[in-house]
Amino acid sequence: MPDFTREQQHGGRVAGVDEVGRGPLAGPVVAAAVVFGAGVPDDLAAVIDDSKKLKPAVREAIAARLPDVPGIEIGLGAASATEIDTLNIHHAAHLAMQRAVARLPHVPDHVLVDGNKLPSFGCSAEAIVGGDRLSLSIAAASIMAKVMRDRIMARLDVRWPAYGWERNAGYGTVVHREALSSVGVTPHHRKTFGTVRRQIEHLAMEGRA
């Protein structure tokens, strides 16, 4: 389980940052930054974990409570499918992280990022492999980012229901791939991703692109 050790070691206002949505065929990559300015309540610390380990209802409950934690600061950022195609997913994910940190009310003293590489934030920062399993701030950021991205994909599903985005969050499930073949590509698809790119090429050959 993650804890608050790394935040306490640095002191000051330490932001945990994480992103979700590198792998899907559609939708944005979303990042969150979380600062626990007055620490983490014990009962909340007991349930915060890497978002991938939590059931959707638990993630939603934690995300609903986080804004009410005394002293907390939360910033959210995203990079669109178009930006992903322009920059590549790695740089787009970093852009989303930078936007999340920029939307915090104050510049943090230090940033902890889940992963092995990090962009510039205008303050000291470090990358931590498996950080969402080690740092409560990063784990909380992973939950916020996951919940926000799932909500975005659910809204997009209303407009483009054939792809099953409310259930698959844009990942390449059978339903999603079949809809790509039968319905085609939307503005929210990542056109540089192999599965989507090949479908565009196939439709072009058939004169349907």
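The values are calculated or read from the model by the stated rules, or taken from the named source; none is laboratory data. Because the structure is predicted, anything quoted here is derived from the model rather than measured. Because the Cβ atoms are built from the backbone with ideal geometry, glycine has one as well, and the counts that use them run over all protein chains shown.
Screening Ala100 on (1) in contact with a His (Cβ under 9 Å, 6 or more places away or on another chain); (2) touching a residue at least 60 places away in the same chain (Cβ under 8 Å) shows it passes everything except condition (1).
Inspect the range 52-63 for any residue being on the phi < 0 side of the Ramachandran plot, outside any helix (DSSP H, G or I) and touching a strand residue (DSSP E or B) at 6+ places or on another chain (Cβ under 6 Å) and give the result as yes or no. Checked against the condition, which is being on the phi < 0 side of the Ramachandran plot, outside any helix (DSSP H, G or I) and touching a strand residue (DSSP E or B) at 6+ places or on another chain (Cβ under 6 Å), the range 52-63 yields no hits at all. Among the residues of the range 82-109, the ones that are over 13 Å from the mean Cα position of the chain (by Cα), more than 15 Å from Ala141 (Cα to Cα) and crowded, with 20+ Cβ neighbours inside 10 Å come to 1 in all. Of the residues making up the range 66-81, those that are part of a helix (DSSP H, G or I) and loosely packed, with under 15 Cβ neighbours inside 10 Å are Pro67, Asp68.
Among the residues of the range 36-51, those that are among the acidic types (Asp, Glu) and either outside the structural domain of Gly131 (by TED's automatic domain parsing) or surrounded by fewer than 13 Cβ atoms within 10 Å (Cβ to Cβ) (or both) comprise Asp42, Asp43.
Scanning the range 22-48 for residues that are part of a loop (DSSP other than H, G, I, E, B) and within 14 Å of the chain's Cα centre (by Cα) yields Arg22, Gly23, Pro24, Gly27, Pro28.
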